[in-house]
Amino acid sequence: MALRIVDHPLVRHKVGLLRRNDTSTSLFRDLTREITNLLTYEAFRSLELERVEITGWAGKVRVEKISGKKVAVVPILRAGIGMLQGVLDLIPSARVNIIGLYRNEETLEPVSYYHKLSSDIADRTAVILDPMLATGNSMSAAIDLLKKAKCRDVRAVCLVTAPRGVRKIEEKYPDVDIFAASLDQGLNKNGYILPGLGDAGDRLFGTR
Ligand code: URA
């Protein structure tokens with residue numbers, strides 16, 4: 001499985017609101033966080049649990065707690081930051097590892113201008129955040145960076161995806177699962193997703 005569309009009615013409803021041109025910046029930000037909550041819920045369904053004994057109100061009781069690998073949440077600048085709190089709401093102990101990419105105008109390839117990864121990233125589950133998976137170039141560069149750092153468990157959470165970007169990730173990294181709210185129709189000539197929701201960074205940060 002590479003692409004997993006989370007088609008819960010709450011997600012579908014909220015994506016409909018995101019797509020509206022008259023959605024305000026503050027509502028757009030809130031919706032992004034809420035949808036990311038719901039996508040995170042699915043992206044971490046496979047977390048392992050262990051049983052531990054605790055003292056409850058009526059004495060000893062066995063409960064479950066998350067065991068195994070710790071999480072690193074990896075927003076791609078700038079729009080990925082809009083999704084960050086949506087993951088941290090559910091996994092407050094996650095480390096935040098930021099990746100900044102720019103596009104080399106000659107090669108059109110993304111180049112990392114900044115990244116700061118946890119020293120133990122190889123032992124963590126990394127979840128990359130980028131609202132729009134369009135060409136797949138930025139996502140691919142972020143996955144490369146994490147793989148070079150020996151991270152073996154990489155997942156991606158996106159709001160909206162396009163077939164071209166999904167194909168690229170599926171072909172290059174079949175082990176990376178993508179959790180998203182929508183698979184849209186395609187890209188326009190500027191690489192924007194259609195019907196999409198426009199420039200996610202501008203809409204999140206009010207710079208439109
Ligand atoms: N980035 C965006 O913000 N929107 C798109 O549609 C594609 C890439």
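Given the condition buried (at least 23 other Cβ atoms within 10 Å of the Cβ), within 12 Å of the ligand (Cβ to nearest atom) and either part of a strand (DSSP E or B) or modelled with pLDDT under 95 (or both), answer yes or no: does some residue in the stretch 143-159 qualify?
There is at least one residue in the stretch 143-159 that is buried (at least 23 other Cβ atoms within 10 Å of the Cβ), within 12 Å of the ligand (Cβ to nearest atom) and either part of a strand (DSSP E or B) or modelled with pLDDT under 95 (or both).
Just to be sure before I move on: is Thr135 surrounded by fewer than 24 Cβ atoms within 10 Å (Cβ to Cβ) and either at pLDDT below 95 or within 11 Å of the ligand (Cβ to nearest atom) (or both) in the structure I sent?
So Thr135 fits the description; yes.
Which condition from (1) closer than 30 Å to Leu18 by Cβ; (2) surrounded by 15 or more Cβ atoms within 10 Å (Cβ to Cβ) is the one that Ser118 breaks?
If we test Ser118 against (1) closer than 30 Å to Leu18 by Cβ; (2) surrounded by 15 or more Cβ atoms within 10 Å (Cβ to Cβ), just (1) comes out false.
Looking at this structure, is Thr55 assigned to a strand (DSSP E or B), out of contact with any helix residue (DSSP H, G or I) (no Cβ under 6 Å at 6 or more places or on another chain) and either under 28 Å from Tyr173 (Cβ atoms) or open to solvent by 80 Å² or more (accessible area, probe 1.4 Å) (or both)?
yes
If you check Arg164 against the conditions, is it in a strand (DSSP E or B) and open to solvent by 20 Å² or more (accessible area, probe 1.4 Å)?
no
Residues in the stretch 61-88 that are open to solvent by less than 60 Å² (accessible area, probe 1.4 Å) and within 13 Å of Leu39 (Cα to Cα): how many?
5
The values are calculated or read from the model by the stated rules, or taken from the named source; none is laboratory data. Because the structure is predicted, anything quoted here is derived from the model rather than measured. With ideal geometry, Cβ positions are generated from the backbone for all residues, glycine too; neighbour counts draw on all protein chains shown. With ligands, DNA and RNA removed, areas are computed over all heavy atoms of the protein, side chains included. Shrake-Rupley method; radii C 1.70, N 1.55, O 1.52, S 1.80 Å.
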